[in-house]
Amino acid sequence: MTKKSILLLSGPNLNLLGERQPEIYGSNTLEDLVELATRTAQEAGLDLVHHQSNAEGELVDKIQEARGVHSAIIINPGAFTHYSWAIHDALAAFEGVIIELHLSNPNAREPWRHISVVAPVATGSIVGFGQDGYRIAVQAAASALSS
């Protein structure tokens, strides 16, 4: 049996974590969060592959390439959360677990952040738990994959 794997996708500006608005997003770098997610996946017997891009089309390409390769996608789409129908459509074509992930709680922030075009195609959303959200998202994906 092939080991199941998770694709962790990080959208625009997440490469600036640790520097950009630490009062909202925390002081951890993206590398720190990916390391936490990777450890959590390994503990669950899963592989994890990470990709970060500031380009919408590149994220769409990675989602499409995940079909038949990865069992789950965890995506922090950044600002694309609120308007990228291209990401929405790519995720809708993925036959696996999809977890939407955000460090902050978009619903507790500016009104324009309250809309997610990703949520309707996600298995579930993890929001507002900071760095712990990465651990929780991997655990949620592992649980969904085992049921």
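Hey, can you tell me all the residues within the stretch 63-81 that are outside any strand (DSSP E or B), of a type in the set (A, V, I, L, M, F, W, C) and under 19 Å from TYR134 (Cα atoms)? Reasoning before the result, please.
Taking the stretch 63-81 as the starting set, the residues that turn out to be outside any strand (DSSP E or B) are 63-71, 77-81.
In the following step, the residues that additionally are of a type in the set (A, V, I, L, M, F, W, C) were identified as 63, 66, 69, 79-80.
Those that are outside any strand (DSSP E or B), of a type in the set (A, V, I, L, M, F, W, C) and under 19 Å from TYR134 (Cα atoms): ILE63, ALA79, PHE80.
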**Request:** Could you list, in sequence order, all residues of the stretch 71-117 that are within 16 Å of ASN54 (Cα to Cα), hydroxyl-bearing (Ser, Thr, Tyr) and either touching a residue at least 60 places away in the same chain (Cβ under 8 Å) or in contact with a Lys or Arg (Cβ under 9 Å, 6 or more places away or on another chain) (or both)?
**Result:** THR81
**Item:** Top-ranked residue of the stretch 41-97 - restricted to ones that are more than 21 Å from LEU30 (Cα to Cα) and polar (S, T, N, Q), ranked as surrounded by the fewest Cβ atoms within 10 Å (Cβ to Cβ)
**Value:** GLN64
**Fill in**
Listed by first then second residue, the pairs whose first member lies in the stretch 121-138 and is assigned to a helix (DSSP H, G or I), whose partner is of a type in the set (S, T, N, Q), with beta carbons under 7 Å and at least 6 positions apart or on separate chains, are ARG135/THR40; VAL138/THR40
**Fill in**
Within the stretch 103-120, of all residues that are modelled with pLDDT of 95 or more and outside any loop (DSSP other than H, G, I, E, B), the one farthest from THR38 (Cα to Cα) is PRO120
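Give the residues of the stretch 3-25 that are outside any helix (DSSP H, G or I) and either at pLDDT 95 or above or under 28 Å from GLY45 (Cα atoms) (or both), sorted by residue number.
Kept after step one, since they are outside any helix (DSSP H, G or I), are these residues of the stretch 3-25: 3-13, 17-21.
Within the stretch 3-25, LYS3, LYS4, SER5, ILE6, LEU7, LEU8, LEU9, SER10, GLY11, PRO12, LEU17 qualify.
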**Item:** Residue list for the stretch 28-54, filter: without any contact (Cβ under 8 Å) to a residue 24 or more places away in the chain and assigned to a loop (DSSP other than H, G, I, E, B)
**Value:** THR29
**Asked** Looking at the stretch 35-54, is at least one residue over 26 Å from SER147 (Cα atoms) and among the aliphatic types (A, V, I, L, M)?
**Response** no
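The values are calculated or read from the model by the stated rules, or taken from the named source; none is laboratory data. Keep in mind the model is a prediction, meaning the values are calculated, not measured. Quick reminder, even Gly has a Cβ in these numbers, built from the backbone with ideal geometry, and neighbours come from all protein chains shown.
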